[in-house]
Amino acid sequence: MKYRTVQALCRGLLATCLLLPATTFAADFAASSFGELGEIQRKVLASHFLMRTTFGPTEPDVNALALRIQQIGKKAAFEEWIDAQLNDYPISSDWQTYEADRGRLWPLAKKMLNDMGYRSINFGKDKDDEQGVYDRNQWKEHAWWHRALTSKDQLRQRMAWALSQIFVVAEGPGVFSNRDLDSSANPRWLGLPKYYDDVCISHAFGNYRDLLDTMTYSPAMGVWLTTVKNKKADPRTGSFPDENYAREIMQLFSIGLVELKPNGEPRIGPDGEFVETYDNETITALSRVFTGLVFNNNKSSSDSFGAGTNLHAEMDVYEQQHDTGQKVAFKGRLVIPARPQSEANARRDISAVLDFLAYEHRNTAPFICRRLIQRFVMSNPPKYYVRRVVRAWDKNKTNPKQFEEVIKAILLDRVALNALRFKTVRSPSLGLNVIRKYPTERTRLREPILRSTAMLRAFSPYPDPSFLTISSDAKTPYYTPGGPEGTAGNQYFFIDNNSDGIGDKFAQAPFESESVFNFYLPDYQAPGAISNYVPSKSIINGKLVTPEFQIISPVTANQTMNHIRRTTVDSDFDIGNQWEVNRQVNLDVNLDFSRFYEDGGLLGAANVEPTMQQVRKFIETLDLALCAGTMSLSTKQVLLDVCQAELDRYNVDRVSEKEDLVQAIISALVLAPDCAVMP
Amino acid sequence: MNFFDPLMTAMNKSVSRRDFIRRAGGCSALTSTSILATLLNLRMTGKVLSAPTLGPFNDYKALVCVFLFGGNDSYNMLAPYDDAEHSQYVSKRGGLVSQATGGVAGGIAWPKNDPDHPQYNLRPIAAGTGPNAGRTFGLINSMSNLHSLYNSGRATFIANTGTLVRPTTRADFDAKIDLPKGLFSHNDEQRNWQSSIPQSRSAVQGWAGRIADLLTDPVSPDTISMSIALEKLNVVQTGQNVVPYIVDDANGAKLLEGYPSTSGRYDRIRNNALDGLFPKDDGTLAATYADLLQRTHASANRDAIEAAIAYNAATGSIALNTQFPDTNIGRQAEQVARAIAARETLGHQRQIFFISRGGFDDHSNLVDFNGATPDGQYARLGEVDAAVMALQNALEELESTPGELTNNVVTFSASDFSRTLASNGSGSDHAWGANHFVIGGPNTIHPSVWGNYPTNLRTATHPQYGNLDTDRGRLIPTTSVDEYSAELAMWFGIPDDSNLELVLPNIRNFHSAGGKPIGFLR
């Protein structure tokens, strides 16, 4: 018998024996009729699906999807939702066009800059001071959070976030936090959101080969992995081309280190060891291919790095610095002939490598597909799941919408859909139990960033109106009242990675990976119980991996908990006060708790203590909103007992007192394993 | 160069895990960190040893890294002092500082004998044995404690040290052969210094972290890491398995806020809930969470909460009479002293600390005057000087027998880089080779000025190396950070064999096994 079932039985027995139905959960969800029971089940399915596909389910989205599940069935409703995401929110082909409710970060960050300017007026003097750096970096981060919280193209944004964790470019090289204008007359710091847009947003529903092309010629990548101004070998000085990009495009962006079967499993050679995908000759050959790249419209042999810096247009190839000789890679599987010196021929060389990686090498599909599954569904996809997604990848190699099919294959696979089991409880009262079918093997630790966005989106966040305070310069106030709360327009969310913000706390934040290896490694395994577990045969290599655990340390754990406390303690997403020139603003995001005031909610009646019935309902609501209905009965009971004890001992009848209770329970729940680990 | 081959060779042979880690780790430096994780986790974990690779030891030792962020102008910290060399220094630096007798506007050189301003005068440091024997150098006046530590055999200096892939000449520099990535850039050079893998921009682990990996049980690592960082996560202490435990200068460990208070309603409710969700007893925890990811998450949170409380209890209860300066770095040094005093409670036989002072990016106002007292770098180094001295005093106070701690705790300086010798009018710009100090007990320290201090700063030359100037007095280092770190690592207990090569993958470019890389430690 399943552990959860035993537990449920015990609870049920306990409830019956002690006759304390009000203080015990007879089931995960109480229902007054079989009709309601079905409705809850559909909402759980909807919430669970939206956990994977968005930055967090909202109540209206859950209700709408639940209705469609009722009308056309689960899989059809999910597919319809995906299709709507793929088709209903097209983005402009012009990278500079601002779209209020969807799409790219760059135009939004640029608009924020245009609307509000930099923070410190005395920039010229304090160019390198800390505040100056902060000024330059904040807008792109605000833009990312604003999109995550409000965008209608949630699936595109989630896919972009996933891609950005594979094709990593981040802060680091000084040029990315530089406020000087590049030769396109845009501030250099906008080069990072430009990369995010070009590579991740634009290709979210696109094609892998196209993405490789954009990435390879992207000036941000050129800076990040030092292909820009990469020169051919100079026998006079003994210098050789830079091998950085040559190595990483193989190791991290396409084929990985060891030969894989189409199901993601490493091949074992005759000697019983892994088979390496490339040797040093291949690195050397590829490093010669990626020579001659220069900033756009900057074909010159000049050594001065700064000259002509352009982070907003793709790199050019300066044929005189491109190695024109024959290159032999992958033990002769890829031979690029010597060609006469010309820009077109240099591009031909590069295309030959990208074609090989995208079309010829069999590792690419399982390598990238497994990483994508980890970002959306589970850390340890069974081999047959990887195999099926790889099949979709392979069938669509030349389809310009290849990733649309891959995303569908990931999200609609029967392994993905078969995560939950429902059990009707009839005694002592009608209810529904939600059971995680495959604990340990088919779950994932949610990224801290995604838990954070989900918590915010669950409570219809809106920017704090106190942005209206004192505006002594001519710029637009941060928050323009009048529009519906939580929508775009001039109402930006001001959440950033610095200050009292996210990056320091979670060790994860947009644009802030420490290196090209992302926040965590796809094969990281947490020490302890997980490393001793012997999984079923379908698990690759017979060992569980848990990437997201890599960023949990005794320090980040407390920081994360403290961050959630500050976030919830005033029912706002408090990231502290920021001083600006002549004004102080609260960088807060308010959470809307109105659902707990309505329909007999526990915050509803003034000066009345909540009933345990209301508390139970409240916990059920949180379960659906934050845990996709998969909170365990024991966790539910912990929360219920804590509330009961509080109500027994103290007066909790004023609204502020009841809000304390609501906020404290939300805070604890966001940290609970039930919320952190998702099936 | 063939960075990748060793790993591939390793993969094609049947190798012991230990050997594998060494090779892959050595490579991780050069290629990637994920090699190690990918391969180890995929195939080798079954053979994981349940004990650290090195240790336990029969003694206690600690390293304290003092990082001067921004690039300390170390040729003004340790300047030439002999008459001819001093005048070449003055000439290269655009004259004496303007407030000095005979100073000029834009001059950034300190005097050695200004009768009107004794507080500006360099303090003489007579080099002992070693490559600079017979020469005298001048320590910046504000570091009076360091000066007396040197004179009592408890401090030493290493000259013109910097990040290198291999020994590098001016011709190599011109040909751009094997240069560190991102020379003269803060981020890059801070990372290069700390990773000791300057040929890679992707290195996210540092040499002290790799030491900690060797000394830590991979299966059940310490809850409080042997690597303790003040305020800042850093590359140098980050290893594959071990990451630094970060504490605050004023408050120690980062506690869970509002815990375990029961006074405020919010915190009371939340704390009760967290206690229920993260059971203190392992048996209850295991029974509550059948899903191992959930269980691991719950225990990680519980342990983090308890570790911070335990750390603060252990370090906070230490009786300490030594007065630490009330500066950021002074308070950081006090936290170090407290963690050293609490070493047994924390279960640490080896500790590595990281403290820092920022603000050394002196493009302007390198020598700043605020009334009679110089501000700028002078005052900042004075702060550092007072903090490291207080730490030495505390070690003396805490030791039960003379030398028990002072001989077993070595404090060493680090920085992004040094700065251009040429003045830019009021300061200096990003450069490379730098001078550093090391402090410890008389049985540990071999006092002298080690490394090859250029004999003529005006021409930036050294007889053995020729022209060291890339331009404007950006000096090519004559000693590598690898040698510097290797000597510290060997003292700390890392054998000069494959273990040292794992910690410092480039070390054999500079130092063959046997003997001391530099000689500054006894």
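The values are calculated or read from the model by the stated rules, or taken from the named source; none is laboratory data. Not measured: the values here are computed from a predicted model. So basically every Cβ, Gly included, is an ideal-geometry build from the backbone, and we count neighbours across all protein chains shown.
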Has region A:416-427 got at least one residue that is assigned to a helix (DSSP H, G or I) and surrounded by 18 or more Cβ atoms within 10 Å (Cβ to Cβ)? yes
Kindly list the number of the only condition in (1) within 11 Å of chain B (Cβ to nearest Cβ); (2) more than 22 Å from B:S185 (Cβ to Cβ); (3) touching an Asp or Glu at 6+ places or on another chain (Cβ under 7 Å); (4) in contact (Cβ under 8 Å) with a residue 60 or more places away in the chain that fails for A:H203. (1)
Filter result for B:F137 (in contact (Cβ under 8 Å) with a residue 24 or more places away in the chain and in contact with a strand residue (DSSP E or B) (Cβ under 7 Å, 6 or more places away or on another chain)): yes
Among the listed residues B:A304, B:A290, B:A273, B:A298, which satisfies the condition of being part of a loop (DSSP other than H, G, I, E, B) and facing another protein chain (nearest Cβ under 7 Å)? B:A290
Selection count where residues are more than 10 Å from A:P448 (Cβ to Cβ), within 19 Å of the chain's Cα centre (by Cα) and more than 7 Å from chain B (Cβ to nearest Cβ), scope region A:547-566: 2
If I ask for residues that are of a type in the set (S, T, N, Q) and in a loop (DSSP other than H, G, I, E, B), which ones from region B:223-237 would you list? B:T223, B:S225, B:N234, B:Q237
Apart from one, (1) assigned to a loop (DSSP other than H, G, I, E, B); (2) within 23 Å of B:R170 (Cα to Cα) all hold for B:N435; the odd one out is (1)
Cβ-Cβ under 7 Å, sequence separation 6+ or interchain: first residue in region B:509-522 and at positive phi, partner acidic (D, E). Which pairs? B:G514/B:D496
Scan (1) polar (S, T, N, Q); (2) touching a strand residue (DSSP E or B) at 6+ places or on another chain (Cβ under 8 Å); (3) more than 11 Å from chain B (Cβ to nearest Cβ) for the single condition A:T611 breaks and write down its number. (2)
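Closer than 20 Å to B:S98 by Cα and among the acidic types (D, E) - does that describe any residue in region B:383-406? Break it down into steps so the answer makes sense when it comes.
First, the residues of region B:383-406 that are closer than 20 Å to B:S98 by Cα: none.
No: zero hits.
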Select, from A:R436, A:R444, the only residue that is crowded, with 22+ Cβ neighbours inside 10 Å, of a type outside the set (F, W, Y), under 22 Å from A:F29 (Cα atoms) and within 14 Å of chain B (Cβ to nearest Cβ). A:R436
Only unsatisfied item for B:L256, checking (1) touching a residue at least 40 places away in the same chain (Cβ under 8 Å); (2) under 20 Å from the mean Cα position of the chain (by Cα); (3) facing another protein chain (nearest Cβ under 8 Å), is (2)
May I ask you to say which residue of B:G371, B:G382, B:G330 is away from chain A (no Cβ under 14 Å), small (G, A, S), under 22 Å from B:P111 (Cβ atoms) and touching a residue at least 40 places away in the same chain (Cβ under 8 Å)? B:G382
Please identify the pairs in which a residue from region A:601-614 that is in contact (Cβ under 8 Å) with a residue 24 or more places away in the chain and surrounded by 18 or more Cβ atoms within 10 Å (Cβ to Cβ) has its Cβ atom under 8 Å from the Cβ atom of a residue that is hydroxyl-bearing (S, T, Y) and part of a loop (DSSP other than H, G, I, E, B), counting only partners at least 6 apart or on another chain. A:L602/A:T611; A:L603/A:Y597
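Please determine whether any residue of region B:169-192 is within 14 Å of another protein chain (Cβ to nearest Cβ) and of a type in the set (V, I, T). So that I can check it myself, show each step before the final result.
Just the residues of region B:169-192 that are within 14 Å of another protein chain (Cβ to nearest Cβ), to begin with: B:169-192.
Among the residues that remain, those that are also of a type in the set (V, I, T) are: B:169, B:177.
Yes: one or more hits.
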Evaluate the following for A:V555: is it closer than 18 Å to B:A307 by Cα and crowded, with 21+ Cβ neighbours inside 10 Å? yes
For a quick check of your reading of the model, give me the residue pairs whose first member lies in region A:225-248 and is away from chain B (no Cβ under 11 Å), whose second is outside any helix (DSSP H, G or I) and acidic (D, E), with beta-carbon atoms closer than 6 Å and at least 6 apart or on different chains. A:N230/A:D242; A:K232/A:D323
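Can you tell me which residue in region A:99-146 is nearest to A:A84 (Cα to Cα), limited to those that are of a type in the set (S, T, Y) and modelled with pLDDT under 55? Talk me through it step by step, then tell me what you get.
Quick first cut of region A:99-146, residues of a type in the set (S, T, Y) only: A:118, A:120, A:134.
Restricting the remaining residues to those that are modelled with pLDDT under 55 gives A:120, A:134.
Numbers: A:S120: 43, A:Y134: 38 Å.
Across region A:99-146, the extreme among qualifying residues is A:Y134.
Suppose the filter is modelled with pLDDT under 95, surrounded by fewer than 17 Cβ atoms within 10 Å (Cβ to Cβ) and not aliphatic (A, V, I, L, M); does A:S342 pass it? Quick ask: steps written out before the conclusion?
Details: modelled with pLDDT under 95: no; surrounded by fewer than 17 Cβ atoms within 10 Å (Cβ to Cβ): yes; not aliphatic (A, V, I, L, M): yes.
No: the conditions fail for A:S342.
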Index of the failed condition, A:C643 passing every other in (1) under 17 Å from A:T23 (Cβ atoms); (2) touching a residue at least 60 places away in the same chain (Cβ under 8 Å); (3) touching a Leu at 6+ places or on another chain (Cβ under 8 Å); (4) not polar (S, T, N, Q): (2)
Among the residues of region A:314-333, count how many are in a helix (DSSP H, G or I) and either in contact with a strand residue (DSSP E or B) (Cβ under 8 Å, 6 or more places away or on another chain) or among the charged types (D, E, K, R) (or both). 3
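Which of the residues spanning region B:130-161 are surrounded by fewer than 16 Cβ atoms within 10 Å (Cβ to Cβ) and either closer than 14 Å to B:Y81 by Cβ or at pLDDT below 95 (or both)?
Applying the first criterion (surrounded by fewer than 16 Cβ atoms within 10 Å (Cβ to Cβ)) to region B:130-161 yields B:133-134, B:144, B:148, B:151-152.
Across region B:130-161, the qualifying residue is only B:G134.
Could you tell me whether A:P673 is more than 7 Å from every other protein chain (Cβ to nearest Cβ) and closer than 21 Å to B:F278 by Cβ? It would help to see each step written out before you state the result.
Numbers: more than 7 Å from every other protein chain (Cβ to nearest Cβ): no; closer than 21 Å to B:F278 by Cβ: yes.
No; evaluated as a whole, the condition is false for this residue.
Got at least one residue in region A:268-285 being more than 30 Å from A:Y384 (Cα to Cα), touching a strand residue (DSSP E or B) at 6+ places or on another chain (Cβ under 6 Å) and away from chain B (no Cβ under 11 Å)? Before you say what the answer is, go through the steps one by one.
Initially, region A:268-285 is screened for residues more than 30 Å from A:Y384 (Cα to Cα), giving A:280-285.
With touching a strand residue (DSSP E or B) at 6+ places or on another chain (Cβ under 6 Å) added as a condition, the list becomes A:282, A:285.
From what is left, the residues that are away from chain B (no Cβ under 11 Å) are A:285.
Yes, because at least one residue in region A:268-285 is more than 30 Å from A:Y384 (Cα to Cα), touching a strand residue (DSSP E or B) at 6+ places or on another chain (Cβ under 6 Å) and away from chain B (no Cβ under 11 Å).
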Examine region B:423-437 for a residue that is surrounded by fewer than 21 Cβ atoms within 10 Å (Cβ to Cβ), touching a helix residue (DSSP H, G or I) at 6+ places or on another chain (Cβ under 8 Å) and closer than 22 Å to B:S356 by Cα, and state whether such a residue exists. yes
Yes or no: region A:389-402 includes at least one residue that is modelled with pLDDT of 95 or more, touching a Gly at 6+ places or on another chain (Cβ under 6 Å) and buried (at least 17 other Cβ atoms within 10 Å of the Cβ). no
Flagged pairs (Cβ under 9 angstrom, 6 or more apart or on separate chains; first in region A:654-679, closer than 15 Å to B:G264 by Cβ; second of a type in the set (S, T, N, Q) and at pLDDT 95 or above) are A:A664/B:N271; A:A664/B:N272; A:A668/B:N271; A:A668/B:N272
Considering region B:199-234 alone, what residues qualify as being touching a residue at least 60 places away in the same chain (Cβ under 8 Å), of a type outside the set (S, T, Y) and under 22 Å from A:D242 (Cα atoms)? B:Q199, B:A203, B:V204, B:Q205
So which pairs qualify, if the first residue must be in region A:517-534 and more than 7 Å from chain B (Cβ to nearest Cβ), the second must be of a type in the set (G, A, S) and assigned to a loop (DSSP other than H, G, I, E, B), the Cβ gap must be under 6 Å, and the two must be at least 6 apart or on different chains? A:F519/A:S513
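Kindly indicate whether A:R451 is modelled with pLDDT under 95, crowded, with 19+ Cβ neighbours inside 10 Å and closer than 28 Å to A:Y533 by Cβ.
Details: modelled with pLDDT under 95: yes; crowded, with 19+ Cβ neighbours inside 10 Å: yes; closer than 28 Å to A:Y533 by Cβ: yes.
The answer is yes for A:R451.
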